1. Does GLY110 fit the bill of being out of contact with any helix residue (DSSP H, G or I) (no Cβ under 8 Å at 6 or more places or on another chain), surrounded by fewer than 20 Cβ atoms within 10 Å (Cβ to Cβ) and at pLDDT below 95?
2. Please go through the stretch 131-156 and give me each residue that is assigned to a helix (DSSP H, G or I) and either touching a residue at least 60 places away in the same chain (Cβ under 8 Å) or of a type in the set (S, T, N, Q) (or both), ordered by number.
3. Restricting to helices (runs of 4 or more DSSP H) lying wholly in the stretch 14-93: which have 3 or more residues that are over 19 Å from CYS118 (Cα atoms)?
4. Would you say ILE116 is β-branched (Val, Ile, Thr), open to solvent by 30 Å² or more (accessible area, probe 1.4 Å) and either touching a strand residue (DSSP E or B) at 6+ places or on another chain (Cβ under 6 Å) or not in a loop (DSSP other than H, G, I, E, B) (or both)?
5. Only one of ASP59, ASP49 is loosely packed, with under 14 Cβ neighbours inside 10 Å and not hydrophobic (A, V, I, L, M, F, W, C); which?
Amino acid sequence: MSQATLVPNRINTRMADPKKVLSIYFTAGYPEKEDTTKVLQQLQDSGVDLVEIGFPFSDPLADGPTIQKTSEIAINNGMNLPLLFNQLNSIKTKIPLVLMGYLNPVLNFGIEKFVIACKECGISSVILPDMSLEIYERFYQSIFEQYELPVSFLITPNTEISRVKKIAKECRKSFMYLVSSNSTTGTGSKLTLNEDSLK
């Protein structure tokens, strides 16, 4: 497999819409190995704007207990990147899909092979929290750019403005992922919403 069948990126189109975007995350292969496409179809049918599909990893250090548990179950179910790509190739979606996970499984799969597979199954962007901008620029940027697959990088409230600007420039074809607090995902204070916040 030498060339990807390029799929137009849907993120820029979706983000250009001024209304608020509802993004939902779920772990591929949870609760059952074959549930990935079922969950994805249900989310699309429910009007979700963007879906983050987490591919499980055995050592998800940046994630809280909920995602850790779903990842453990998914791995025990037999979920892995080759299977995930096969599943995603079997379903047609109209909404942007973002693949989220850790760099180790990607390296094991092969960077270029991973990028090609993402493009072939319609992935609009990827989030790899443990891949810094510097590592990306030094080793992998040329591959991602060759196949026009943008990477969405993380920033936090403590990220220096100069670094935010660098990341924003790199994320111009996708989005920046704002980590709201210095804690693992799925822990911390409760989120309170009111009707005004949902308009």
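1. It is false that GLY110 is out of contact with any helix residue (DSSP H, G or I) (no Cβ under 8 Å at 6 or more places or on another chain), surrounded by fewer than 20 Cβ atoms within 10 Å (Cβ to Cβ) and at pLDDT below 95.
2. The answer is GLN141, SER142, GLN146.
3. It comes to 36-45, 65-77.
4. Criteria not met by ILE116.
5. Of ASP59, ASP49, the one residue that is loosely packed, with under 14 Cβ neighbours inside 10 Å and not hydrophobic (A, V, I, L, M, F, W, C) is ASP59.
The values are calculated or read from the model by the stated rules, or taken from the named source; none is laboratory data. Just so it is clear, the model here is predicted, and its values are computed rather than measured. Positions of Cβ are backbone-derived with ideal geometry, glycine not excepted, and every protein chain shown enters the neighbour counts. These area figures cover heavy atoms from the full protein model, side chains too; ligands, DNA and RNA do not enter into them. Shrake-Rupley method; radii C 1.70, N 1.55, O 1.52, S 1.80 Å.
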